[in-house]
Structure formats: C-alpha cells, structure tokens
Amino acid sequence: MAGGEAANVIEIRDLTQRAEFDEAVELQQRIWGFSDIETIPVRFFVVASKIGGQVLGAFDGDRMVAFLLAVPGIKQGGLHYLHSHMLGVLPEYRDHGLGRKLKFRQREQALSRGIQLIEWTFDPLEPRNAFFNFERLGVIVRRYVENQYGRTSSVLHTGLPTDRFVAEWWLQNERVTRVIAGEANRPSKVVERLPLPANISLLRREEPAVAREAQLRLAAGCHQAFADGLAIVSFERTETDFGYLLTKWQ
C-alpha cells in the first residue's frame, strides 16, 4: 500500500519482540544508509524497552514503516526526562504526518508517567527537520553541539561534521499546547535572526566547502546568542534563505 493511502490506517504500538527490534535495525540502514558499525544494534532496543525507555513502531498492516527509540535520563538536580534518540520513516511514507503521530504518542506516554521534558538532537542544516520541530511540535533550542557523532558514512550527512541542535520539548508548556492545537508559532518579539542559504541542501551535495562555511557561521552565531540568554523558538523561510528566530527565554 502506498504511503498516502496508508496514512489514515497506520497502527502505532510499542515494540516488545526480538523480531520487531530486528525490523527496526533494518529500517535504520534503509533510511540513513549507515554502515553496520554505526547502526544501533538489537540489544540496545532490548535494553531501552526494559529500563523505562520507549520503542515505538508504526505499521502498515504487518509491515513496519517507521520507528521511534528513546531512553530515560536524569539531569543535574534530579529532573527525569526522555532522550529521544531516533525517529525514522521510510521515504515513501513521509509527508503524511506519520512522524508527528509518533511524537504525539511519545508525548502521551511520557505525560502518563509524569515526565515533562523530552529532548533530542537534529541537524541545523536540514530545513525539513527544523520546520517539523519548531512549527509542528513547538520545541525550543538553547544548545548547539559541534560534531556530536563524528563524521559518518551516511550519504545524508554529506561528509560534514555532525553539528546538532538539542531540541527541548516541554510537554505542557503553553507554546507546545498552542502548536499542537494548530495555532501559529511566532514569538511576540524577535531579538535575533540567524539565516542559512535557501539552497543549503543542494550546497551540501554539490559544494560542501560552501555548506561548511555556512555551518561554521551558524555555529558561531548560536554560541553567542545562547550565551546571551536567547533561545531559538521558531523558523521561517524566504525566497533567499531560511532563518532561525530567537528571543529571550525564561
């Protein structure tokens, strides 16, 4: 069944069986093209499922077409949270809201356990991810980590350092509930805007040196802005660029 036809009949459920974990490992390789050494193994899925993490799968009939993996964490001061390590959707099932459905199920389960915060990392040079995280989920970003995973074999990383934003999803924050309700996510006052070229995805493939320069500029801008107490709270596109919008965050 094609992804568009399947969008309304997808079943999302917890993964508990070894065969299901095997499928999730296979999906990693199909989605990201990781080498064997970079693929999260079955035993990690097993451990996550037994220590308070989350292992969710989305199924079109008997076929797994997406998965989500999260592990529990404790911050300094004792705050319990979830680190959402992976969310992958097969290409033919993208752009039908499946990732959002997985995140909503994750949020529902977390709140039922008294957890208020879920974090994950994402690539600042991927506008699709930025739009999803800021405009569809309502995350904020106050941390930029350079080359978090080292250079990988994935064609999606195009040989660049794996710089990452750390998304904070405060599950009952007013901004999050408004975004989930379908309201616009725009700060009342934008203090700073950090831009990237509109064609950054093309530059990554065809002019990696130029893409790297853009990545370095963004890193420097983020480090300074975050040190000044700003947070990225929204994302916008124009004809010439896309930009991260920052404001003061309490």
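The values are calculated or read from the model by the stated rules, or taken from the named source; none is laboratory data. Please read these numbers as outputs of a predicted model, since none were measured by experiment. All Cβ positions, glycine included, derive from the backbone under ideal geometry; neighbour counts span all protein chains shown.
Can you tell me which residues in segment 156-176 are part of a helix (DSSP H, G or I), surrounded by fewer than 16 Cβ atoms within 10 Å (Cβ to Cβ) and modelled with pLDDT of 85 or more?
First, the residues of segment 156-176 that are part of a helix (DSSP H, G or I): 156-157, 174-176.
Filter again for surrounded by fewer than 16 Cβ atoms within 10 Å (Cβ to Cβ), leaving 156, 174.
Answer for segment 156-176, where residues must be part of a helix (DSSP H, G or I), surrounded by fewer than 16 Cβ atoms within 10 Å (Cβ to Cβ) and modelled with pLDDT of 85 or more: just 174.
Specify the residue that is nearest to the chain's Cα centre (by Cα); the eligible residues are those in segment 96-155 that are assigned to a loop (DSSP other than H, G, I, E, B) and of a type in the set (Lys, Arg).
Top of the filtered list is 151.
Can you name the condition, by its number, that residue 29 falls short on among (1) over 21 Å from residue 107 (Cα atoms); (2) of a type outside the set (Phe, Trp, Tyr); (3) not in a helix (DSSP H, G or I)?
(3)
Which one of 58, 130, 110 is among the hydrophobic types (A, V, I, L, M, F, W, C), touching a Phe, Trp or Tyr at 6+ places or on another chain (Cβ under 9 Å) and within 29 Å of residue 242 (Cα to Cα)?
Details: 58 fails: within 29 Å of residue 242 (Cα to Cα); 110 fails: within 29 Å of residue 242 (Cα to Cα).
That would be 130, the only listed residue that is among the hydrophobic types (A, V, I, L, M, F, W, C), touching a Phe, Trp or Tyr at 6+ places or on another chain (Cβ under 9 Å) and within 29 Å of residue 242 (Cα to Cα).
Can you report the number of residues in segment 177-207 which are at pLDDT below 95, within 20 Å of the chain's Cα centre (by Cα) and not in a loop (DSSP other than H, G, I, E, B)?
Number satisfying all stated conditions: 7.
From 67, 21, grab the single residue that is modelled with pLDDT of 95 or more, of a type in the set (Phe, Trp, Tyr), assigned to a helix (DSSP H, G or I) and at negative phi.
Values: 67 fails: assigned to a helix (DSSP H, G or I).
Exactly one of 67, 21 is modelled with pLDDT of 95 or more, of a type in the set (Phe, Trp, Tyr), assigned to a helix (DSSP H, G or I) and at negative phi, namely 21.
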